Amino acid sequence: MSEAGCATDFVRKYTLASGGPYCDCGYRKKPGRNDNKGFWDRWAKRYDRTIAIEKNTYVQILRRMKKKLDREMYVLELACGTGVLSAQLAGGVKMLEATDFSEKMIEKAKQRAHSSRLHYSVQDATALPYAPGTFDAVIISNALHIMPSPEKALAEIRRVLKPDGILIAPTFTAAGSIFGRLKIRVMELSGFQVFHKWKPQEYLDFLKANGFTVTDKEVYGGALALTYAEAKVKKV
């Protein structure tokens with residue numbers, strides 16, 4: 001078995017269990033859909049330099065994530081970008097399925113260190129191929145605010161999480177300050193669209209309104225304010 005064979009077999013098993021074919025390229029852009037995909041494909045080569053601006057914040061949220069994950073957990077990461085977090089988290093879990101809807105981002109991610117615990121694939125967070133109750137944790141970092149329909153992604157996350165699974169969803173919530181709103185405007189002028197300009201509490205309320213109970217939270221400062229949130233699916 002190849003180094004990545006273990007991860008690939010796991011993904012194939014739980015994709016087939018959902019009734020769909022296994023595929024490394026699950027994303028299909030709908031006609032007329034404006035979802036920033038073209039922007040991220042173009043930006044993939046510069047992505048690592050961009051997020052280096054928020055390095056201190058990333059170090060802090062990475063440390064918090066590691067405390068919540070363990071070697072017995074099957075973890076799904078959505079919007080993984082170039083795998084900055086993926087490569088550092090994979091060694092502490094049983095299996096990490098890292099996904100992004102940008103083929104170029106996944107190409108860059110695969111150039112990082114490989115691990116038998118890590119598998120990359122192109123997937124649409126709003127239409128995941130995995131069977132219900134597959135993952136112990138789902139991570140989605142700094143992505144919900146730039147999705148046209150983040151409620152669809154949260155619905156899919158609820159579906160693929162195990163009953164007591166955890167959502168880890170740090171998200172930029174820069175609209176809470178004048179500086180943050182100016183940064184958002186500059187980004188939009190470059191062709192990048194921010195669909196949801198949340199303040200920290202507005203973001204937490206959004207998670208609650210979409211079937212989650214927030215179990216831990218913290219707001220980090222920086223060039224762009226970030227709200228770190230951990231949550232579990234609400235009990236019926």
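How long is the gain from Thr213 to Glu103 if the chain were fully straight, where each residue apart is worth 0.36 nm and the alpha carbon distance is subtracted?
36.3 nm
Computed extension gain for His114 through Lys197, at 0.36 nm per residue and net of the alpha carbon distance, reaches 26.3 nm.
Read-outs throughout are calculated quantities, based only on the coordinates presented, and are distinct from any laboratory measurement. What you see is a predicted model, and the numbers here were worked out from it, not measured in a lab.
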